[in-house]
1. Which of the trypsin sites (Lys or Arg not before Pro) found in region 69-104 are in a DSSP loop and have at most 14 neighbouring Cβ atoms, other than their own, within 10 Å?
2. Please list, or write none, the lysines whose alpha carbon is within less than 16 Å of the alpha carbon of LYS117, excluding same-chain residues fewer than 8 places away.
3. Quick check on the exposure proxy: order LYS112, LYS239, LYS122 from fewest to most C-beta atoms within 10 angstrom.
4. Got a sec? How would LYS123, LYS181 order by Cβ neighbour count within 10 Å, fewest to most?
5. Translational diffusion coefficient of region 9-75 at 20 °C, 1.002 mPa s, Stokes-Einstein with Kirkwood Rh over Cα pairs, in µm²/s as a whole number.
6. Counting only Cα atoms, I'd like the Rg/Rh figure for region 5-212, Kirkwood definition for Rh.
7. Take the cross-link list LYS123/LYS144; LYS55/LYS112; LYS122/LYS162; LYS10/LYS144; LYS80/LYS216; LYS48/LYS119 and give me the ones stretching past 25 Å between alpha-carbons.
8. Please order HIS92, HIS124 by the number of other Cβ within 10 Å, starting at the fewest.
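Just so it is clear, none of the values below were taken in a lab; they were calculated from the coordinates. Just so it is clear, the structure is predicted and the values come from calculations on it, not from any experiment. Methodologically, a virtual Cβ is constructed for each residue, glycine included, from the backbone with ideal geometry; neighbour enumeration extends over all protein chains shown.
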Amino acid sequence: MTVDFEECVKDSPRFRANIDEVETDVVEIEAKLDKLVKLCSGMIEAGKAYVSANKLFVNGIRDLSQQCNKDEMISECLEKCSESLQEIVNYHMILFDQAQRSVKQQLHNFVKEDVRKFKETKKHFDRVREDMEIAQVKNAQAPKNKPHEVEEATGTLNITRKCFRHLALDYVLQINVLQAKKKFEILDAMLSFMQAQFSFFHQGYNLLDDIDPYMKKLASELDQLVIDSAMEKRDLEHKHATIQQRTLMQVSTFHKCVLLFVRDGCRHTQQHSSDVPLEHIS
């Protein structure tokens with residue numbers, strides 16, 4: 001809201017009420033803006049931590065790509081993904097930088113410079129208004145039978161009243177300018193931040209839209225790869241079963257041969273023992 005200059009000159013009750021309302025509004029706005037600046041600072045700090053974690057993740061993808069450089073399909077995929085993710089990290093950094101400048105710094109400067117100047121002017125205004133009220137009381141209480149004191153009190157009242165009107169006009173001007181600047185600063189800060197958000201998502205969309213044909217092609221190749229892998233797995237399982245069966249048959253044949261060999265050996269030993277004369281045995 002704005003304060004009327006004419007009401008200021010009159011020092012009317014409406015002027016006093018408007019001044020009180022504006023001062024209360026400024027105090028509340030200052031508190032809300034301070035809170036918003038702190039919340040923005042927290043968001044920026046969290047964003048910087050997020051960006052740092054993303055950078056480490058991108059570096060991990062690049063390391064894996066170098067490890068898989070012999071497989072062209074894997075290496076190409078990892079390279080393209082790391083490049084795109086790095087660009088998104090850069091977009092995030094631009095977004096947080098814009099938040100730093102538009103919301104945090106701009107609103108912080110408004111509070112620390114314009115609102116502080118307003119509060120300092122308010123102190124002078126309150127002091128001069130108090131002096132004028134004291135002068136009014138002294139003028140009203142000046143004894144009528146003492147013209148010298150009446151003249152002195154009236155002169156003091158006129159001086160303080162002129163000083164009050166002069167400062168009151170300056171104060172009202174500052175109030176109206178502050179109200180207009182408050183509107184501009186808040187709207188400009190939020191507009192700048194939302195434009196930064198728009199740019200962030202628009203650039204991100206364009207980036208991912210450019211890589212979309214490759215991702216679709218890769219998805220199609222992966223579908224075929226799944227089919228080929230299933231067929232290869234079935235063939236391997238079949239080969240595994242065949243070899244395992246053949247191995248078992250060979251082992252079984254070997255065991256039979258061993259048993260026959262042992263059995264034939266035992267028979268040969270028994271026959272040889274029966275041919276030995278009894279006297280040799282004794």
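1. Working: sites: LYS70, LYS80, ARG101, LYS104; in loops: LYS70.
Answer by residue number: LYS70.
2. Straight-line reach from LYS117, under 16 Å: LYS181, LYS182.
3. Working: LYS112 13, LYS239 10, LYS122 17.
The most exposed by this proxy come first: LYS239, LYS112, LYS122.
4. Values: LYS123 9, LYS181 14.
Result, fewest neighbours first: LYS123, LYS181.
5. Numbers: Rh = 17.0 Å.
The Stokes-Einstein estimate is 126 µm²/s.
6. Values: Rg = 30.2 Å, Rh = 22.2 Å.
With Rg and the Kirkwood Rh in hand, the quotient comes to 1.36.
7. In this structure, LYS123/LYS144; LYS55/LYS112; LYS10/LYS144; LYS48/LYS119 lie more than 25 Å apart at Cα.
8. With the fewest neighbours first, HIS92, HIS124 line up as HIS124, HIS92.
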